[in-house]
Ligand code: M1P
């Protein structure tokens, strides 16, 4: 048996958008016939916003918040909570106040998730259009990279990852996606594990999981650029 593991944003769905119906129609029959897990930085509520219920129901497990939660068939199997560091939270408030981003800011800029914090200067409540505007501005002005560098120096006990396009994932060391590799190997000591993600390279938010898996025997990494490539890979493999 092979165990498949998928990142969500940029892999099963476009970033922060629902799975397309075209994708669902082709993916669901494949999913029903295989053992598969999700490994995402997003929390379970966002998985529910982005994936249709029949797709969620047919996954064997959903690791959320970087593997700090595991849901199976809608049931919470475990969660690993953290204490949120007040000094760090104050620094995040300061970065939000002092940003040079010239456009409108939105709410939910410090999102406390189980086991991690997601910080977004523009705020997670921005529209898709505003998200694109900030992404373009940040690509030119490197605000997130600068914040990442400052905070990494000051708080060595955390990893600061630029997982998506508008935010920074802040994770206590050892509580990142890499832990999912160990959880799966414990459940499946001998099976082949195949992981598909769109950011498996150093600096990407799939890297820790890819890196831990590749240290193990009988694992395979598939770097994809988008959901279409996932389908191509799975359907070609099935032929
Ligand atoms: O799954 C990738 C990332 O997706 C979102 O990032 P952003 O909103 O910055 O594009 C976040 O959910 C982030 O935590 C996650 O790593």
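Every number here is computed from the coordinates shown, using simple stated rules; none is lab data. Because the structure is predicted, anything quoted here is derived from the model rather than measured. Glycine also receives a Cβ, built like all others from the backbone with ideal geometry; neighbour counts cover every protein chain displayed.
Computed per residue of the chain from DSSP H runs no shorter than four, each worth -39500 (n - 2.57), the mean residue ellipticity at 222 nm is -11500 deg cm²/dmol. Size descriptors for the chain: radius of gyration and Dmax over Cα atoms are 17.7, 55 Å.
Does the range 9-110 come out rounded, prolate or oblate by the C-alpha gyration tensor, with a ≥ b ≥ c the root eigenvalues, rounded set by a/c under 1.5 and, if not, prolate when a/b is larger than b/c and oblate if not? Taking the square roots of the gyration eigenvalues as a ≥ b ≥ c, the range 9-110 is oblate. Would you mind checking the tilt of helix 86-98 against the longest principal axis of the Cα atoms of the chain, expressed as 0 to 90 degrees and rounded to 10? Roughly 70 degrees between the two axes. The orientation-averaged shadow of the Cα convex hull for the range 182-239, equal to a quarter of the hull surface, comes to 4.3 nm². For the range 38-179, rounded, prolate or oblate, judged on the Cα gyration tensor with a ≥ b ≥ c (square roots of eigenvalues), a/c < 1.5 rounded, else prolate if a/b > b/c? Oblate, since a/c reaches 1.5 and b/c is not below a/b.
Applying D = kT/(6 pi eta Rh) to the range 130-180, where Rh is the Kirkwood radius over alpha-carbon pairs, T corresponds to 37 °C and eta to 0.692 mPa s, the Stokes-Einstein value obtained is 279 µm²/s. Estimated translational diffusion coefficient (Stokes-Einstein, Kirkwood radius over Cα pairs, 20 °C, 1.002 mPa s) of the range 78-145: 165 µm² per second. For the chain, the longest principal axis of the Cα atoms and the long axis of helix 143-154 meet at an angle of about 90 degrees.
Against the chain, whose longest principal axis is taken from its Cα atoms, helix 21-32 shows a tilt of about 50°. Across the alpha-carbon set of the range 123-239, the Rg to Rh ratio works out to 1.03, Rh being the Kirkwood radius.
Would you mind telling me which residue in 74, 61, 41 has the biggest mean-square fluctuation in a Gaussian network model of the chain, where springs connect alpha carbons within a distance under 10 angstrom? Fluctuation is largest for 74. What the Cβ-Cβ distance of residue 238 and residue 135 gives, at R0 = 41 Å and to the nearest 0.05, is a FRET efficiency of 0.75.
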